Every structure is written in structure tokens, then in C-alpha cells.
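**Student:** Take this structure first; my questions come after.
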């Protein structure tokens, strides 16, 4: 991994603003669009299944759940890429433990 990856906090900010955007800016548009699609679909499904008296949160709980999973997943991917890049920079020989 020679190119510096995006800072995980930038990815986190994008993921919080728009579902799937964190994945898209990391170069994984299919994954990001999948999260966006299921956020919309499950939000709509839960809206139709919940009673009229349910709170706004409860009526959209399916979409909110997928949205939360999307944010966590985008940040996790960015953090793993960031740490791999940092390790590769500190250890250019490519060995895990140069003392052994």
C-alpha cells in the first residue's frame, strides 16, 4: 500500500452526512450504494409496518439501523486501511517482526 489512505475521521464525517458516502470516497461505490439502497428500503418498510401512534424514530427504525451500520462499517474500513498504511511506513522491509 504505497498511497496514503483517507483519514478515518474524514470518512466518518462523510458517512455521517450521507449514508454510503464514506464507502464511496474510499473507492467502494457498490458497497456504499448498497447501504444507501437498504437504508431507504428498510426505512420505508418500517414506516409502513409501524402503527400511526409510533414515534418518528420507531417508524423509521429499519433505515436508522442500516444507516448506523453503514457509518460503523465505513469508519472500520478506513481505520484498518489507515493502520495498515502506518505499519507499512514504519516497517518498509515488509516483515512483521524484524528482530526474528
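**Student:** Could you tell me the largest-minus-smallest coordinate of the C-alpha atoms of the chain on each of the three principal axes, in descending order and whole angstroms?
**Tutor:** Largest to smallest, the principal-axis extents are 65, 24, 18 Å.
**Student:** Which of 69, 50, 34 ends up with the largest GNM mean-square fluctuation for the chain, with Cα atoms connected below 10 Å?
**Tutor:** 50
**Student:** Just to confirm the number: angle between the C-alpha axis of helix 61-90 and the first principal axis of the chain, 0 to 90 degrees, nearest 10?
**Tutor:** 10
**Student:** Which residue, 79, 48, 59, has the most motion in a Gaussian network model of the chain that connects Cα atoms within less than 10 Å?
**Tutor:** 48
**Student:** Pull out the extension gain between residue 45 and residue 93, defined as 0.36 nm times the separation in residues minus the alpha carbon to alpha carbon distance; nm, one decimal.
**Tutor:** Length gained between residue 45 and residue 93: 12.1 nm.
**Student:** Highest GNM mean-square fluctuation, the chain, Cα pairs closer than 10 Å: which of 70, 55, 46?
**Tutor:** Of 70, 55, 46, the most mobile in the Gaussian network model is 55.
**Student:** Then there's this: Counting only helical runs of four or more DSSP H residues, what would the 222 nm mean residue ellipticity of the chain come to if each run contributes -39,500 (n - 2.57) and the total is spread over all its residues? List each step's numbers first, then the result.
**Tutor:** Numbers: 5 runs with 70 residues, N = 100.
So the calculated ellipticity at 222 nm is -22500 deg cm²/dmol.
**Student:** By how many degrees, between 0 and 90 and to the nearest 10, does the Cα long axis of helix 8-17 differ from the longest principal axis of the chain?
**Tutor:** Once rounded, one gets 10 degrees.
Coordinate-derived values only; no laboratory data. A quick note: this is a predicted structure, and the numbers were derived from the prediction, not measured.
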